[in-house]
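The values are calculated or read from the model by the stated rules, or taken from the named source; none is laboratory data. Keep in mind that what you see is a predicted model, and the values were worked out from it rather than measured. For neighbour counting, all protein chains shown are included, and Cβ atoms are generated from backbone atoms with ideal geometry for every residue, glycine included.
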Amino acid sequence: MDTSKATTIIGCFLIHLIIGTIYSTGNIMPYIVSYLHLYSSSLTNSSMSILFYICVLSFTFSFHLAAYLTTKFSLKKSIYIGNTIFVSVLFISSFTTNPLAMIIVYGFFLGVGAGISYIPALMISLNCYPNNRGLITGVIICAFGLGSFFFNFVASFTANPNDSKPQTYEVNGGSDKFFDESVAMNVPLMFRVLGFCYMAVTILALFLIKDSELKEENNVKENVSIKSCFKSSPFYQIFFGILFSGTAGLFFVASFKTVGLQLSYDDGFLTIVGSIGSIFNGTSRIFWGILIDKTSFKTTYTCILTFQVILCLTFPLICNINYLFLIWTVIMFACLGGNYTLLPPIAIKLYGKITGVRIYAFFICSMGLASIFVYFIQLYVIKFLGYDYLFLVLSGLSLCPFISNMFFEENISQKDLQEKLV
């Protein structure tokens, strides 16, 4: 047995565990906003929800930067660069009191650091076990979903050790809920504690990882250009499908705690909801990966979309019942994990390993655009129509790719693919 492959998988798992803590933003957002509100009294929870969405946007678009860096450096060195940025952001954020500066430092650069490390860690893992792409993809990005489970408790215990409840304040002629100063002033310490934790795990992970390179494969799919891939209908079905379907899961991850606090659930309960959601977000990716290997992209995506349509339609009816709030939320976390898991295997299956990795960098950008899309939907639909209509809109957005997926052509022969792409 080649132990270097096993330790490499563990190391890459740990890297994704750390960069996956961008999902912790939804849990720590009320603390951050309460802290910034001390210095900017007009700030609201809704306006600062863009912090998470900017993080997702920069995360997905930095995949192109990651692809460039892997041409200049080894995959392992690219991980080193990405995680150095990621950890540094936490320490710099601990000294930040301006909302715009927080959006730039934490929102933008945290996503950049995560995006630079994401693809190299995944590609090193796939090189270890190239015949089990769905399973390995599921295992590695499982860690990406699990990261916030471990560190949600660290963050909440540091910032709000007494499980204090937020108070209602008047803001811009309306009202919003913020934690008082005794909780808010713990935010700098929270950032530093998380920073030291991430640094320690990163050092261990880099010690375990054995570097590798992407190698060209001699087949038809590797002989097509990126430009020609844009002429294929599957590219647009996947890109716009994820753009629409990603909105629901992203909203739940970003705003479950804000919504829960508005429904008067206590902070401790919502931290548990977020942590269990992270478990489902992470572990479900293994399930989705196996399902892709055993069935197909089309079947797996149909399952995910069916869940999303039903859950979004029914959420307003059950959200005041705490255990149903938990169940609906964690399943939506799992669906978001499924959206991410779909992309690497189908990109490689349709376009080959080398071209597929580059196309994957474009596919994942759809999730970044979805984050901005849902931010504006959230901002204006809630303002003018209310939360109930927001969930109706999210359900409708998942229904669109459900219909498109019925006509998706997945099993294209190499000859047919070449004819379609040339």
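A residue that is assigned to a helix (DSSP H, G or I) and under 22 Å from Phe207 (Cα atoms) occurs nowhere in the stretch 57-64. Residues that are closer than 25 Å to Ser233 by Cβ, assigned to a helix (DSSP H, G or I) and modelled with pLDDT under 85 within the stretch 351-393 comprise Tyr351, Lys353, Ile354, Thr355, Gly356, Val357, Arg358, Tyr360, Ala361, listed in sequence order. Whenever a residue of the stretch 289-302 is of a type in the set (Lys, Arg), its partners that are surrounded by fewer than 17 Cβ atoms within 10 Å (Cβ to Cβ) and modelled with pLDDT under 95, lying with C-beta atoms within less than 7 angstrom and at least six residues away or across chains, give the pairs Lys298/Glu410. Scanning the stretch 315-338 for residues that are of a type outside the set (A, V, I, L, M), out of contact with any Ser or Thr (no Cβ under 6 Å at 6 or more places or on another chain) and under 24 Å from Arg285 (Cβ atoms) turns up Phe315, Phe325, Trp328, Thr329, Phe333, Cys335, Gly338.
Looking across the stretch 1-31, the residues that are aliphatic (A, V, I, L, M) and surrounded by fewer than 24 Cβ atoms within 10 Å (Cβ to Cβ) come down to Met1, Ala6, Ile9, Ile10, Leu14, Met29. Go through the stretch 34-54 and give me each residue that's touching a Phe, Trp or Tyr at 6+ places or on another chain (Cβ under 7 Å) and of a type in the set (A, V, I, L, M, F, W, C). Hits for the stretch 34-54 are Ile50, Leu51, Ile54.
Looking across Ile304, Ile310, one residue alone is within 20 Å of Phe402 (Cα to Cα), part of a helix (DSSP H, G or I) and touching a Gly at 6+ places or on another chain (Cβ under 7 Å). It is Ile304. Among residues of the stretch 394-412 being aliphatic (A, V, I, L, M) and part of a helix (DSSP H, G or I), the one that is nearest to Ser255 (Cα to Cα) is Leu394.
Say we look at the stretch 48-77 and pick out the residues that are over 20 Å from the mean Cα position of the chain (by Cα) and surrounded by fewer than 17 Cβ atoms within 10 Å (Cβ to Cβ); which of these is modelled with the lowest pLDDT? Looking at residues that are over 20 Å from the mean Cα position of the chain (by Cα) and surrounded by fewer than 17 Cβ atoms within 10 Å (Cβ to Cβ), I get Thr71.
Condition check ((1) modelled with pLDDT of 90 or more; (2) surrounded by 12 or more Cβ atoms within 10 Å (Cβ to Cβ); (3) outside any helix (DSSP H, G or I)) across all residues:
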residue	(1), (2), (3)
Lys165	no, yes, yes
Ser175	no, no, yes
Pro188	yes, yes, no
Tyr198	yes, yes, no
Val201	yes, yes, no
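Filtering the stretch 317-346 to residues that are of a type outside the set (Phe, Trp, Tyr), part of a helix (DSSP H, G or I) and without any contact (Cβ under 8 Å) to a residue 24 or more places away in the chain leaves Leu317, Ile318, Leu324, Ile327. Considering only the stretch 93-113, I want to know if a residue exists there that is farther than 29 Å from Val183 by Cα, among the aliphatic types (A, V, I, L, M) and surrounded by fewer than 24 Cβ atoms within 10 Å (Cβ to Cβ). Within the stretch 93-113, none of the residues are farther than 29 Å from Val183 by Cα, among the aliphatic types (A, V, I, L, M) and surrounded by fewer than 24 Cβ atoms within 10 Å (Cβ to Cβ).
Only a single criterion out of (1) buried (at least 23 other Cβ atoms within 10 Å of the Cβ); (2) more than 18 Å from Ile318 (Cβ to Cβ); (3) at pLDDT 85 or above is not satisfied by Phe251, namely (2). For Cys128, the test of being more than 19 Å from the chain's Cα centre (by Cα), farther than 25 Å from Met48 by Cα, among the hydrophobic types (A, V, I, L, M, F, W, C) and modelled with pLDDT of 90 or more is failed. Please work out if Leu305 is closer than 16 Å to Phe252 by Cα and either buried (at least 19 other Cβ atoms within 10 Å of the Cβ) or over 17 Å from the mean Cα position of the chain (by Cα) (or both). Yes, satisfied.
For Gly249, the conditions (1) touching a residue at least 24 places away in the same chain (Cβ under 8 Å); (2) closer than 28 Å to Pro345 by Cβ; (3) over 19 Å from the mean Cα position of the chain (by Cα) all hold with the exception of (3).
The set of residues in the stretch 150-168 being touching a residue at least 40 places away in the same chain (Cβ under 8 Å), among the aromatic types (Phe, Trp, Tyr) and under 19 Å from Tyr265 (Cα atoms) consists of Phe153 alone.
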